[in-house]
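Q: Here it is, the structure, as structure tokens.
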Amino acid sequence: MEVESVLVTGANRGIGLEFVRQLAKLPKPPKYIFATYRDRNKIESLKQLRDACKETSIMLIKMDVTNAAQIENARYLIEDLVRDKGLNLLINNAGVYIRQSFPDTTEENMLLHFTTNTVAPVMVLKAMFPLLQQAASYTVGMNVCVSKAAVLNISSFGGSFQYKPNNFGREKLLGFSSQISKAALNMAMKNIARTVEGQDILIVNMCPGWVKTDMGRNAAELEVPESVSAMMNTLSLLNQSHHGAFIDSSMENYEAR
């Protein structure tokens with residue numbers, strides 16, 4: 001997979017941090033990796049990765065995905081560097097998962113998940129959309145793919161009506177608000193994909209699997225590098241036929257648009 005510029009939200013830990021790490025280790029890494037974080041006190045691993053990387057520029061950007069002003073500031077910073085080449089890949093990774101089940105769930109918990117996991121990715125995409133359009137226009141003649149212009153939304157099978165793996169057990173019931181917010185994210189991005197049809201910008205939702213992160217916890221099945229590696233491999237295979245689809249990290253399960 002070759003891509004010149006990538007924006008990864010929630011890049012200071014877990015899946016986001018591993019995306020930055022694996023992107024930087026590609027045989028031909030991106031020229032720019034824009035890595036966002038929310039808390040300056042929690043970016044030591046990201047700073048170490050940036051300082052150790054010689055083949056690509058990892059730009060750290062403070063951006064809370066629920067803060068419109070910070071999103072807009074990030075867009076200006078990215079635009080200033082990519083210029084007319086635009087932004088090739090947006091990875092909407094930032095999210096929240098706070099365990100509550102019904103009937104214990106609260107309005108506050110539900111709104112937090114919806115704001116962070118559904119509204120925020122849409123608003124980030126909205127802000128970065130002109131840069132993705134630039135990338136699509138700059139690479140005239142290239143088939144629709146991740147190297148041209150694409151959006152990867154990290155979703156979950158917990159938000160899918162079609163696929164319900166049994167191995168999540170009690171965990172999926174505790175993720176009541178998260179599941180609802182991911183179902184809404186899947187629908188939002190499917191709708192956006194239909195709206196921008198024909199503009200050569202690929203939009204997909206992907207489940208990373210049950211991963212051993214702060215959200216997935218130690219009971220999860222996959223290590224973070226294993227999950228991200230699978231997603232990276234799948235990204236390189238995506239084309240126009242996957243536009244608007246919801247898939248898992250290995251593309252074994254595929255919910256068409």
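To keep it simple, each residue is scored yes or no on (1) touching a helix residue (DSSP H, G or I) at 6+ places or on another chain (Cβ under 6 Å); (2) assigned to a helix (DSSP H, G or I); (3) within 30 Å of Leu235 (Cα to Cα); (4) β-branched (Val, Ile, Thr).
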residue: Ala94; (1), (2), (3), (4): no, no, yes, no
residue: Phe102; (1), (2), (3), (4): yes, no, no, no
residue: Thr105; (1), (2), (3), (4): yes, no, no, yes
residue: Leu111; (1), (2), (3), (4): no, yes, no, no
residue: Thr115; (1), (2), (3), (4): no, yes, yes, yes
residue: Thr118; (1), (2), (3), (4): yes, yes, yes, yes
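Q: Name the residues in the range 142-193 that are farther than 19 Å from Val96 by Cα, modelled with pLDDT under 85 and open to solvent by 60 Å² or more (accessible area, probe 1.4 Å), would you?
A: Phe161, Gln162, Lys164, Asn166, Asn167
Q: Could you tell me which residue of the range 71-123 is surrounded by the most Cβ atoms within 10 Å (Cβ to Cβ), considering only residues that are touching a strand residue (DSSP E or B) at 6+ places or on another chain (Cβ under 6 Å) and within 21 Å of Ala184 (Cα to Cα)?
A: Applying the filter and picking the extreme gives Leu90.
Q: Go through (1) more than 23 Å from Val122 (Cβ to Cβ); (2) touching a residue at least 24 places away in the same chain (Cβ under 8 Å) one by one and return the number of the condition Lys62 breaks.
A: Going through the list (1) more than 23 Å from Val122 (Cβ to Cβ); (2) touching a residue at least 24 places away in the same chain (Cβ under 8 Å), Lys62 breaks only (1).
Q: Scan (1) open to solvent by 70 Å² or more (accessible area, probe 1.4 Å); (2) touching a Lys or Arg at 6+ places or on another chain (Cβ under 8 Å) for the single condition Leu60 breaks and write down its number.
A: Failed condition: (1).
Q: While we're on this one: Going by what's in this entry, would Arg50 be described as assigned to a helix (DSSP H, G or I), open to solvent by 20 Å² or more (accessible area, probe 1.4 Å), touching a strand residue (DSSP E or B) at 6+ places or on another chain (Cβ under 8 Å) and of a type in the set (D, E, K, R)?
A: Yes: the conditions hold for Arg50.
Q: A further question follows. From Val8, Val20, grab the single residue that is among the β-branched types (Val, Ile, Thr), within 15 Å of Leu87 (Cα to Cα) and crowded, with 24+ Cβ neighbours inside 10 Å.
A: Result: Val8 is the single residue among Val8, Val20 that is among the β-branched types (Val, Ile, Thr), within 15 Å of Leu87 (Cα to Cα) and crowded, with 24+ Cβ neighbours inside 10 Å.
Q: Just name the residue that is nearest to Cys145 (Cα to Cα) out of those in the range 1-35 that are among the hydrophobic types (A, V, I, L, M, F, W, C) and touching an Asp or Glu at 6+ places or on another chain (Cβ under 8 Å).
A: Leu26
Q: Continuing with this model, one more query. If you check every pair at least six apart or on different chains, which have Cβ atoms under 7 Å apart with a residue in the range 198-216 that is more than 21 Å from Asn233 (Cβ to Cβ) first and a residue that is outside any loop (DSSP other than H, G, I, E, B) and modelled with pLDDT under 95 second?
A: So the pair list comes out as Asp214/Gly14.
Q: Right, another one. Quick check on this structure: which one of Ala94, Ala52, Ala24, Ala74 is free of Cβ contacts under 8 Å to residues at least 24 places away in the same chain and within 26 Å of Ser227 (Cβ to Cβ)?
A: Being free of Cβ contacts under 8 Å to residues at least 24 places away in the same chain and within 26 Å of Ser227 (Cβ to Cβ) holds for just one of Ala94, Ala52, Ala24, Ala74, which is Ala52.
Q: Moving on. Return yes or no: is Ala35 of a type in the set (A, V, I, L, M), in contact with a Gly (Cβ under 9 Å, 6 or more places away or on another chain), outside any loop (DSSP other than H, G, I, E, B) and without any contact (Cβ under 8 Å) to a residue 40 or more places away in the chain?
A: In short, yes.
The values are calculated or read from the model by the stated rules, or taken from the named source; none is laboratory data. The model shown is predicted, which means the values in this text are computed figures rather than measured ones. Here the Cβ is made from the backbone with ideal geometry for all residues, glycine too, and neighbour counts use every protein chain on show. When the accessible area is computed, the model is the full protein with side chains, heavy atoms only, and any ligands, DNA or RNA have been set aside. Shrake-Rupley method; radii C 1.70, N 1.55, O 1.52, S 1.80 Å.
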